[in-house]
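Structure first, commentary second.
What follows draws every value from the coordinates through simple rules; no lab data is involved. Predicted, not measured: the structure shown is a model, and the values here were computed from it. Glycine also receives a Cβ, built like all others from the backbone with ideal geometry; neighbour counts cover every protein chain displayed.
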Amino acid sequence: MEILKKSLFKHMEIEKTLQTQVGEILEEIRFNKDIGVKKYNLLFDKNPRENFRVTRDEIVKAYKQVDVKFIEDLKIAAKNIEEFAKAQKNSFNNEFEKDIYPGVTLGQKHIPIESALAYVPGGSYPLFSTALMLIIPAKIAGVKRICACSPAMKDSEYINPKTLVAMDIAGADEIYAVGGVQAIGAFAYGTDSIKPVDIIVGPGNKYVTEAKRQCYGKVGIDFVAGPSEVLIIADESANPSYIAADVLAQCEHDYNARGILITTDKTLAKEVNKKVNEILVDLPTKDIASLSWNNNGEIILVDNLQEAVKLSNKYAPEHLELNVKNTDEIIDKLTNYGSLFIGQYSAEVFGDYVSGTNHTLPTLRASRYTGGVWVGTFIKTCTTQRLSKGAVDLLAPVAYDLAMDEGLYAHANAAKVRMNQENGGVNE
C-alpha cells in the first residue's frame with residue numbers, strides 16, 4: 001500500500017465546552033420552554049417569531065416563491081423515494097406466531113412509532129432534499145404524527161421556501177420554524193406550544209448532533225452523525241473525471257467532509273488528482289471544497305482489489321462507490337458502508353437527490369453497526385408470547401429453579417404460584 005495523498009483529518013472528539021454549552025441550552029429549554037426557544041431563535045438566527053408553527057398561508061406563499069420546474073423535480077425525487085420506501089415496508093410483511101415448545105407460541109409484531117421529528121438543516125445551504133428523505137419513510141412506515149422543523153433564514157422568521165415546499169410535498173403534519181439545539185430540546189422535552197415526539201431524525205451541525213446525543217434516552221434518535229464522506233474503489237477501467245467530480249461533490253459539504261480514493265492503478269490516481277485541481281479552478285464552492293480536499297482528501301494505491309476491500313471495510317464509509325471492471329467480484333466482501341453505489345454511472349449525487357435510496361447515512365465508521373435512515377427507523381419490532389396451562393406445567397419448574405439460582409425470589413414465586421394449579425381463567 002502506498003499513500004499518494006495524505007489526509008490531515010482527525011476523528012472529532014466531543015469538546016468539553018461544546019458539551020457544556022449544549023447542556024445549558026437544553027436545561028433552559030426544559031425549564032423555560034417556549035421562552036427559552038424564543039430566546040435562542042433570536043440569539044442564533046435573529047428569528048423574532050412568536051408562534052413557531054408554520055401556517056398553511058405561509059406554505060401556500062412558499063409555493064408561489066419557487067418555480068414550477070423545482071416543484072416538478074421535487075415530485076420526481078419524492079416519488080422514487082416513496083416507491084423504495086414502500087418496497088422496504090413490504091419487507092416487514094413477516095409478522096408471525098410459531099409453536100416453539102409444547103403449548104408455547106411466540107411471535108413478533110411490527111408497530112410504527114407514534115410520533116417523529118424530521119430535523120432539516122438550514123446552515124450554509126437549504127437542504128430541502130433532506131426533508132424528503134426523512135418525512136417520506138416515516139409516512140410510509142405509518143407514523144401518525146410527523147413533525148418537521150428547520151431554522152428560519154437569517155434575520156427572518158421564515159423557513160427557506162424551497163425547504164418548506166419540500167416538507168409539504170413529503171407530507172409533514174406539522175412544520176415549525178425553529179432549529180439548532182433549541183429545536184432538539186423542544187421536541188425532546190416538549191414546551192408550551194410544541195408537543196414532544198418519540199424519535200428525532202436528521203443531520204445537523206456539531207451543536208445539533210451533541211444535543212441529539214444528550215437527549216438520547218428521553219427521545220429516540222437515528223444516530224450521531226459527523227462530517228459527510230465518500231470512498232471510491234477504482235481500477236484502471238475507471239473514468240478519472242467521474243471520480244474527481246464525485247470526491248469534490250462530497251468535499252463541498254463543509255470543511256470537514258472527506259473524499260477518499262483507493263485504487264489499484266497509479267496512473268489513474270495521478271489523473272484524478274489532476275482533474276480535481278482543474279475542476280476547483282471554476283467551482284463556485286471552491287473555498288470550501290478545496291480546503292476540504294487539501295486537508296481531508298486521500299488517494300491510496302493498493303496492490304489488488306482484495307486489499308482495497310479490507311481497507312474500505314476498515315474505513316466503514318458513509319458512501320461507497322465501486323468503479324471497477326467486475327463489481328461482482330468484490331460486492332459480497334464489502335460489509336461496512338452506509339450506501340453502496342455500483343458502477344461508474346451510479347454516482348453518489350443520485351442517491352443524494354433522486355434515485356430513491358436514503359441519503360441520511362451513518363458517518364465516522366458508524367456503518368460498522370448501523371445502516372442509514374429507512375422505513376425500519378420508524379418501526380418497532382416487538383415480540384409476543386402465548387402460553388397454555390400445559391406449557392406452564394412443563395416450564396414453571398424450570399423458571400422457578402433458574403430464578404432461585406439468580407436469587408430473584410419474587411420471580412421464583414411468580415412461577416411457583418402457577419405450578420400445579422387448576423386453570424382459573426379463560427385465557428390459555
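Report the residue, chosen from ILE331, ILE159, ILE100, that carries the largest GNM mean-square fluctuation when the chain is represented by alpha-carbon nodes joined by springs under 10 Å.
Looking only at ILE331, ILE159, ILE100, the largest GNM fluctuation is found for ILE100.
Determine the gain in length on full extension of the stretch ASN420-GLU95; use 0.36 nm per residue of separation and subtract their C-alpha separation, reporting nm with one decimal.
113.7 nm
Subtracting the Cα-Cα distance from 0.36 nm times the residue separation, let me have the gained length for LYS16 to SER241 in nm, one decimal.
Stretched fully, the LYS16-SER241 segment lengthens by 76.8 nm.
I need the peptides 225-236, 77-88 ranked by packing, meaning the mean over residues of other C-beta atoms within 10 angstrom, with the highest value on top.
For the peptides 225-236, 77-88, the packing ranking is 225-236, 77-88.
How much of the DSSP bridge set in the range 227-371 is antiparallel, in percent, rounded to the nearest 5?
Antiparallel: roughly 0 percent of the beta bridges in the range 227-371.
For the ranges 404-412, 160-168, what's the packing order if you count other beta-carbon atoms within 10 Å of each residue, average per peptide, and put the highest first?
160-168, 404-412
Does anything in the range 403-417 have its amide N under 14 Å from the 7 Å Cα→Cβ label point of LEU106, and if so which residues?
Counting only backbone N, you get no residues.
Counting each DSSP H run of 4 or more residues in the chain as -39500 (n - 2.57), what helix-only mean residue ellipticity at 222 nm follows after dividing by all residues, to the nearest 500 deg cm²/dmol?
-14000 deg cm²/dmol
Given R₀ = 45 Å, FRET efficiency for LEU394-ILE71 by Cβ-Cβ distance, to 0.05?
0.10
With +1 on the Cβ of every Lys and Arg and -1 on the Cβ of every Asp and Glu, and nothing else charged, how large is the dipole of the chain about its Cα centre, in debye rounded to the nearest 20?
720 debye
Can you spot the aspartates and glutamates whose alpha carbon is less than 14 Å from LYS109's alpha carbon? Ignore those fewer than 8 places along the same chain.
GLU95, GLU97
Going through the cross-link list LYS39/LYS162; LYS139/LYS333; LYS275/LYS314; LYS38/LYS64; LYS33/LYS380, which pairs have a Cα-Cα distance over 31 Å in this structure?
LYS139/LYS333
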